[in-house]
Structures are given as structure tokens and as C-alpha cells.
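> Let me begin by handing over the structure; questions about it come next.
Every number here is computed from the coordinates shown, using simple stated rules; none is lab data. Computed from a predicted model, the values in this text were never measured in an experiment. Using ideal geometry, Cβ is built from the backbone for each residue, glycine included, and neighbour counts are taken over all protein chains shown.
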């Protein structure tokens, strides 16, 4: 399981315990989810980075790619991992 799967599993345990308990095989679910998240981040980062501008230097390229990666990671994690908490069930 990659770090995104682990992060999702911990988030679900703390904030979505009922949904977590209902999973038939949490290890498989979060392993698969982690892979999907990693792939989604890679795809979105490439799109956000866009094409290399003419005359772009190494440091500018590095900054553009790192910024795109961080932005993509934040977006995908909000969509796929950091889901809303379950309502209190009293």
C-alpha cells in the first residue's frame, strides 16, 4: 500500500468509521485507492504543468513541475481522500 492508501485508511478510521467497518477487505480497498490516487495525481500534474515554454531554464522548469505536482496532489487528495466526516450517530 502506498502513502496515499495509508493516508486514506487513517482518515477513514478516524472520520468515517462506519464506512470503514463496512469494507469487506480494507487492505485491498486502500491499496487500490492509493494506486488510483497516485495515477490521478500524475495525470493532473502533467496537465497543470503544461508544455515547456521556450527558453525555460532548469530552475524555472523545476519550479513549474513541483508547483503543478503539489497543486495536483492537493486537489486529488481533497476529492478522493479527505472526505467529509460521517454525521454523529447517537
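> Hey, in the GNM for the chain with a 10 angstrom Cα cutoff, which one of 51, 80, 69 fluctuates hardest?
51
> Between the range 40-73 and the range 1-25, what is the C-alpha centre distance in whole Å?
Taking the Cα centre of the range 1-25 as reference, the centre of the range 40-73 is 30 Å away.
> Continuing with the same structure: For the pair residue 75 and residue 61, how long in nm is the line joining their label points, each one 7 Å along Cα→Cβ?
Result: 2.3 nm between the two label points.
> Would you calculate a helix-derived [θ] at 222 nm for the chain, using -39,500 (n - 2.57) for each DSSP H run of n ≥ 4 and dividing by the full residue count, to the nearest 500?
-24000 deg cm²/dmol
> Follow-up question, since we're still on this one. Could you tell me the calculated FRET efficiency between residue 14 and residue 38, based on Cβ-Cβ distance and R0 = 22 angstrom, to the nearest 0.05?
0.50
> Just need the Rg to Rh number for the range 1-80, please, alpha carbons only, Kirkwood Rh.
1.15
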